[in-house]
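First comes the structure, then the notes that go with it.
The values are calculated or read from the model by the stated rules, or taken from the named source; none is laboratory data. Fair warning: this is a prediction, and the values are worked out from it, not measured in the lab. Counting neighbours? That spans all protein chains shown, and the Cβs are built from the backbone with ideal geometry, glycine included.
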Amino acid sequence: MWPRKTIDIAWADLVYGALRCLWPGDTDLQQREIEQSLGGEDQVLTCLSVRTGFDLLLQSLRFPPGSEVMMSAITIPDMITIVKEHGLVPIPFDLDFDTLAPTQADLQKAFSEKTRAIVIAHLFGVVIPMEQLVEFAKTHGIVLIEDCAQSFCGWDEISKSEADASLYSFGPIKTATSLGGAILRVRDASRLKSIRELQSQYPQQKGRAYAVRFLKYSLMKAASTRIAYRGILWVIRIMGRDPDTTINSFAKNFGKGNLFERIRQRPCGALIAMMKRRIRTYRKSRIADRTQMGKELGMRLQSRIAIPGIHACHHSHWVFPVVTDASHSLASHLQRCGFDATTKHNLSLLEPPLDDIERDAPVLRNLFYNILFLPIYPELTPRAIQRLVDSIKPNA
């Protein structure tokens, strides 16, 4: 059985991280070194998570209550929760199916005189060209925020951002994971300074909490070998639990409890040390390999099944979604063929306000309810990829 996803970290990194859980080193010094390497302390801030950075950013912006924030209609639930916590109204906007980028009509439909910001999520590994969004934000005098959690393509990309603020995640299932941590880049140096001061008042994440997370995901990496993964699926079934739901729950970055108590923390020393190592040692060639694999798989499958983002200008294929109204039956079929395809995910569909249902996102709504994720990562062999293609019948 080919697992649905692998953790993008080497065993050498995990050994290093385990040692750092015991001896984290000088946290402040290492954090400054990270930020200097990515553009400087006047541009970049190291955070516990993207949620942390987004919450800090909204605290600093201080939009009037009732202001609207345009958001890609598919996002993670916590981002919607954070917007609402600040007394703001999240408004969905749609994306073009083939490019996963918004059209001018999509943006204009979601905009109103109450709009103060737009949050664009680069979904599934697609990197959306920003020129249109930059122009739209400037024309309407609103703040442009990009969520790059799913589209990270290398450390050099961070300094090239054209948005007012950009968020990059290095959580457990993300590219170049540090099993936590995030980078917030802000163009306005004075705003970033105020954000840094806000974060400095937060308590530091407990080293023990990161060590427990570290152990959890180290075990998950060990379990992601094909033989071990098959055995784990068998055990879960024997226990009478749904493997799909169980495995998906393990991959969640944040557990239960008060969201804001969990995100309003500074990263601990071990996490900072791990992020520094990943910046120094991560091989960008792995992203290139995955990108090429996704491109080739897309070319083979595009006549058989609908693929969101198939015509995107740049797609790194962090995951490989397809869309079909037979997603559940196809997932079961692929699992029987040895591929742990899944319809499960941790995304949310942002609904428009009840009194303004015309500002809907029909393309992303259809995608959300009919999506299926195929396994794709550099460890898949050419033979496995061909079997995967052969297992998907035309017009599945």
In the list 360, 340, 390, 289, which residue meets the criterion of being touching a residue at least 40 places away in the same chain (Cβ under 8 Å) and more than 27 Å from residue 129 (Cβ to Cβ)? 340
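Go through segment 48-137 and tell me which strands (runs of 3 or more DSSP E), entirely inside it, have 3 or more residues that are over 30 Å from residue 291 (Cα atoms) and in contact (Cβ under 8 Å) with a residue 12 or more places away in the chain.
In segment 48-137, 89-93, 115-121 are the strands (runs of 3 or more DSSP E) which contain 3 or more residues that are over 30 Å from residue 291 (Cα atoms) and in contact (Cβ under 8 Å) with a residue 12 or more places away in the chain.
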Provide a single number: the residues in segment 1-47 that are within 23 Å of residue 199 (Cβ to Cβ), free of Cβ contacts under 8 Å to residues at least 40 places away in the same chain and of a type in the set (Gly, Ala, Ser). 1
Given the options 373, 368, name the one that is aromatic (Phe, Trp, Tyr) and either modelled with pLDDT under 95 or part of a helix (DSSP H, G or I) (or both). 368
Quick check: anything in segment 79-101 in contact with a helix residue (DSSP H, G or I) (Cβ under 9 Å, 6 or more places away or on another chain), buried (at least 20 other Cβ atoms within 10 Å of the Cβ), of a type in the set (Ser, Thr, Tyr) and at pLDDT 95 or above? no
Select the helices (runs of 4 or more DSSP H) contained entirely in segment 178-250, then report the ones holding at least 2 residues which are at pLDDT below 80 and of a type in the set (A, V, I, L, M, F, W, C). 226-238, 243-250
Does residue 123 qualify as being of a type outside the set (Phe, Trp, Tyr), in contact with a Leu (Cβ under 6 Å, 6 or more places away or on another chain) and closer than 23 Å to residue 181 by Cβ? yes
